[in-house]
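The values are calculated or read from the model by the stated rules, or taken from the named source; none is laboratory data. Note that the structure is predicted; figures quoted are calculated from it, not measured. Here Cβ is always computed from backbone atoms with ideal geometry, including for glycine, and neighbour counts include all displayed protein chains. Calculation scope for accessible area: heavy atoms of the full protein, side chains included, ligands and nucleic acids excluded. Shrake-Rupley method; radii C 1.70, N 1.55, O 1.52, S 1.80 Å.
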Amino acid sequence: KAEERQEHQHRQSQQRRKMTTGKFDSEGFDLDALGGQRGNGGASLGGAVSGNDVVYEIGGGVSHSAPTATADDDIDDDPTAESERLKAEGNAFFLAGQYDDACDKYNEAIEACPGEPTGAELLRMKEEHEEKRREESYRRHREETDRRRGAATGAKDGENDEESGSDDEDLKGKELQEKFVPPRHPHGAKLAVYHCNRAACLLRMGRDEDAVSDCDISLMLNPVYVKAYLRRMSAQEKLEKTDLALEDAKAALALKNDTSTRKNVVRLEKIEAERLEKLKEETMGKLKDLGNSILGNFGLSLDNFKATQDPSTGSYNISFEQNK
C-alpha cells in the first residue's frame with residue numbers, strides 16, 4: 001500500500017509539472033475522440049474541427065470549445081440583402097405575368113437600396129446639366145455672332161484669326177465638360193438592375209415614357225448595361241423615335257455583338273431610312289407649295305422650272321419653261 005500511495009503521488013506530481021510548464025504530451029488523452037483523418041502530428045482532425053477547437057482535459061477527456069469570432073464574422077450583412085429579396089419576389093411576379101405586382105416589388109427594392117444619389121436625384125442633376133449646356137450654347141452662339149459682326153465692320157484679319165483660334169480652344173475645352181458624368185453610387189450596379197427591371201414592367205403596362213426614364217437612370221448607374229440599352233430601344237421605338245432607338249441598338253451592339261442585337265440594328269436602320277425618305281418627301285412637298293404660293297403672284301409655278309442633273313459633275317442645271 002505504501003508503494004501504491006507513493007506511485008499515485010508521483011503521477012500527481014508529474015501532472016502538476018505539465019500544467020506549470022505549459023507543455024503537452026499526447027499520452028493519456030483520447031485523440032481518437034476527434035474522429036476523421038489524422039493530421040501530421042498524429043491527432044485525428046476530421047470534419048470542420050481544427051486543433052484550436054479542441055480542449056484537452058486533464059484526466060484524458062477531450063471536448064470542443066465554442067467557435068470563436070473570426071474576421072468573416074466581423075463583416076456586416078449585405079446592405080442590399082432586403083432589396084435583393086424584393087427583386088426576387090418581383091421577378092417571380094413578372095414571370096407569372098403579374099406586371100403591376102412585379103412593378104410594386106421593384107419599387108420597394110429601389111426604395112430599400114441604401115446610398116445616394118437616388119434615381120430621381122440623378123434625373124434632376126442631368127436636367128440641370130442639360131439646361132446649363134443649353135444656356136452655354138446660346139451664349140457661345142451670341143458671342144460668335146458678335147465676333148463675326150465685328151469682323152465684317154473692319155477688324156484686322158490677323159486679329160480675327162487669332163481670336164478665332166482662341167475661341168476654338170475654348171470650345172474644345174467646354175465640349176469635354178458637356179457630357180453629364182453622374183456621381184458614383186455605392187451599389188450602382190444592383191440599383192441599375194432594379195430600375196431596368198421596373199422598366200420592363202412599365203413597357204408591358206404601356207408606360208413607355210416612364211420606361212425610358214428608368215432606363216436613363218439605369219445607364220447613369222451602369223453605362224455598360226446592355227439590357228438597359230435594349231429596353232430603352234424598345235420604348236423609343238414604341239414612341240416612334242426610331243433615331244434614338246437606333247442609337248441605343250448600336251450602343252448595345254458595341255457592348256455585345258450578338259445575332260439578336262445585329263438584327264435590331266439592321267431592322268431599325270431600314271425603318272429610319274424609310275422615315276427620313278418620307279420626311280424628305282413631305283418637306284419637299286411643303287416647300288413646293290410655298291414656292292407655288294409666291295410664284296402664283298406672277299402667274300408662274302415651280303412647274304415652269306426644270307432641274308436636270310449633270311452626270312459628270314452631279315450638279316443640277318435649272319431651266320425655265322414658259323408654257324408649263
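Some notes on this structure:
- Glu178/Asp146 FRET efficiency (R0 22 Å; Cβ-Cβ; nearest 0.05): 0.50
- Too-long pairs where the Cα-Cα distance tops 19 Å, listed order kept, from Lys126/Lys250; Lys241/Lys270; Lys132/Lys238; Lys87/Lys190; Lys250/Lys270; Lys190/Lys263: Lys126/Lys250; Lys132/Lys238; Lys190/Lys263
- Near Phe305, the amide H atoms lying under 5 Å from its own belong to Glu321; only residues 5 or more places off or on other chains count, and H is placed 1.01 Å from N.
- Ordering 96-109, 227-240 by mean Cβ neighbour count within 10 Å, with the highest value first, yields 227-240, 96-109.
- Cα extents for the stretch 166-310 along the principal axes, largest to smallest and rounded to whole angstrom: 71, 49, 30.
- Sorted on the mean count of surrounding Cβ atoms within 10 Å across their residues, most packed first, peptides 179-190, 125-136 read 179-190, 125-136.
- Look at the Cα gyration tensor of the stretch 209-249: its axes a ≥ b ≥ c give a/c of at least 1.5 with a/b at or below b/c, and that counts as oblate.
- Asp258 sits with roughly 40 Å² accessible to a 1.4 Å probe, with DNA, RNA and ligands left out of the calculation.
- A cut-off under 10 angstrom between Cβ atoms defines the neighbours of Tyr229, and their net charge, with Lys, Arg +1 and Asp, Glu -1, is +3.
- Projected label distance in nm at Arg85 and Asp289, using a 7 Å step from Cα toward the beta-carbon: 6.3
- Additional length obtainable on full extension of the chain from Glu282 to Ala120, 0.36 nm per residue less Cα span: 54.4 nm
- Remark: the stretch 137-144, residue by residue, has Karplus-estimated 3J(HN,Hα) of 5, 5, 5, 5, 4, 5, 5, 5 Hz, where x stands for each Gly or Pro and the curve is 6.51 cos²θ - 1.76 cosθ + 1.60 at θ = phi - 60°.
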